[in-house]
Amino acid sequence: MGLSTLNRLLLVKGLRAFADGYVSLLLPLYLTALGMSAFQVGVIAAATLLGSGLLSLAVGMQAYRFRYRNLLLAAAVSMIATGVGFATLSEFWPLLVIAAVGTLNPSSGDVSVFLPLEHALLSQLARDEDRTAVFARYSLIGALVAAVGALFAGMPDLLADALRIDRFAAWRAMFALYALIGVAAALIYRGLPQAIAGTHEAAAPLRNSRKRVFTLAALFSLDAFGGGFVVQSLVALWLFQKFQLSPLVAGTIFFWTGVLSALSQLAAVHVAKRFGLVNTMVFTHLPANVFLVLVPFMPTLGWAIALLLARSALSQMDVPTRSSYVMAVVPPEERAAAASVTSVPRSLASALSPMLAGHLLGASGFGWPLVLAGGLKIVYDLLLLAMFRSVKPPEEG
């Protein structure tokens, strides 16, 4: 018996999350080994987010004209090319171009062109009362497998020591594995029905919900700009610099932060049913951002890890609820465009902050990017609550 459409989407989500989990940790080490500065690492991280954002915006706004299956296959091909490029090239400028046009993800969350397409499909597969649970399952799988991927980031060092091979060569092989995962994603997407969604004859991709979606996008831009200071690659770089951690230790830390994030996304379904989507998004995000601000002030690695873990237990509860909320407050025919316009800020707005974070990390080891990120995200939380508390999804009446 073949896989259902939902299971295919979840399986690819897991594969991509695994790849993102280890790449986000190995990327700063790999680029540093190539002779790049902290600022150049930040520039490449910014390029990945900017490129993903622009491509996601273009695809999301025009997705109703095409079959989603074909667009997802094209995204998988881009993933293959990205892995091959990073595995074979060494110079800053070629890698910058590949980062901008490819699918590489320096963060712990999904910011790629896959996202708006998969969100639109998921919203069609679920009833209103089940939609948050479906998005939570999607996010849960991504977070759990990304955590395993983070733990896997230590594997190249272990193999290099055991087999007496060059550590850099082992890191490079991980990008070849990234390309192979893209091949697997393409094979799974091939099994999607040819006629699946994406053929709406709408006059415009966004019409009735334009004002609401643009307002949400502006708020998400603020949150994303703050989040860009703490993409996983740069948090890992700060930990490498301040505490001289090995990839294996850093991978273990991010494994547990990923596990806690995944469990919190599962809990988000029950919390949202009791308190509502917007309240769940805001009142779990606020304390998480306070913890983030406090991390650089901790005197020891143990205290810093404790706050990072506490933050992870709360910070991602807004992921499935946010996705569900956006899909709930727009008409079905506008969901692909809405998913794109509201998710793109996670790439576009956050594309500026990694460069600033890289500069700050190059100038000081204190951890100013974490303080700035937490402060900006707190402002976002308060604005979201003030502007959308009264806008209810259908299941909340």
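For (1) in contact with a Leu (Cβ under 8 Å, 6 or more places away or on another chain); (2) at pLDDT 90 or above; (3) of a type in the set (D, E, K, R), each residue gets a yes or a no:
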residue	(1), (2), (3)
ALA218	no, yes, no
ALA224	yes, no, no
PHE229	yes, yes, no
GLN241	yes, no, no
LEU248	yes, no, no
GLY251	yes, yes, no
LYS273	no, no, yes
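Tell me, yes or no, whether the range 33-47 has at least one residue that is farther than 19 Å from LEU352 by Cβ and part of a helix (DSSP H, G or I). Within the range 33-47, one or more residues are farther than 19 Å from LEU352 by Cβ and part of a helix (DSSP H, G or I). The helices (runs of 4 or more DSSP H) found wholly in the range 304-397 and carrying at least 3 residues that are at pLDDT 85 or above, surrounded by 23 or more Cβ atoms within 10 Å (Cβ to Cβ) and hydroxyl-bearing (Ser, Thr, Tyr) occupy 318-328.
Does LEU239 qualify as being surrounded by 18 or more Cβ atoms within 10 Å (Cβ to Cβ), among the hydrophobic types (A, V, I, L, M, F, W, C) and part of a helix (DSSP H, G or I)?
Numbers: surrounded by 18 or more Cβ atoms within 10 Å (Cβ to Cβ): yes; among the hydrophobic types (A, V, I, L, M, F, W, C): yes; part of a helix (DSSP H, G or I): yes.
For LEU239, the condition - surrounded by 18 or more Cβ atoms within 10 Å (Cβ to Cβ), among the hydrophobic types (A, V, I, L, M, F, W, C) and part of a helix (DSSP H, G or I) - is met.
If only residues of the range 85-108 that are of a type in the set (Ser, Thr, Tyr) and within 15 Å of the chain's Cα centre (by Cα) are counted, the one that is nearest to THR32 (Cα to Cα) is SER107.
Given the options ALA133, ALA87, ALA99, name the one that is among the aliphatic types (A, V, I, L, M) and surrounded by 22 or more Cβ atoms within 10 Å (Cβ to Cβ).
Details: ALA133 fails: surrounded by 22 or more Cβ atoms within 10 Å (Cβ to Cβ); ALA87 fails: surrounded by 22 or more Cβ atoms within 10 Å (Cβ to Cβ).
The unique qualifying residue is ALA99.
Restricting attention to the range 242-275 and to residues that are hydroxyl-bearing (Ser, Thr, Tyr) and surrounded by fewer than 20 Cβ atoms within 10 Å (Cβ to Cβ), the residue that is farthest from the chain's Cα centre (by Cα) turns out to be SER246.
The values are calculated or read from the model by the stated rules, or taken from the named source; none is laboratory data. Since the model is a prediction, treat every value here as computed from it, not as a measurement. Counting neighbours? That spans all protein chains shown, and the Cβs are built from the backbone with ideal geometry, glycine included.
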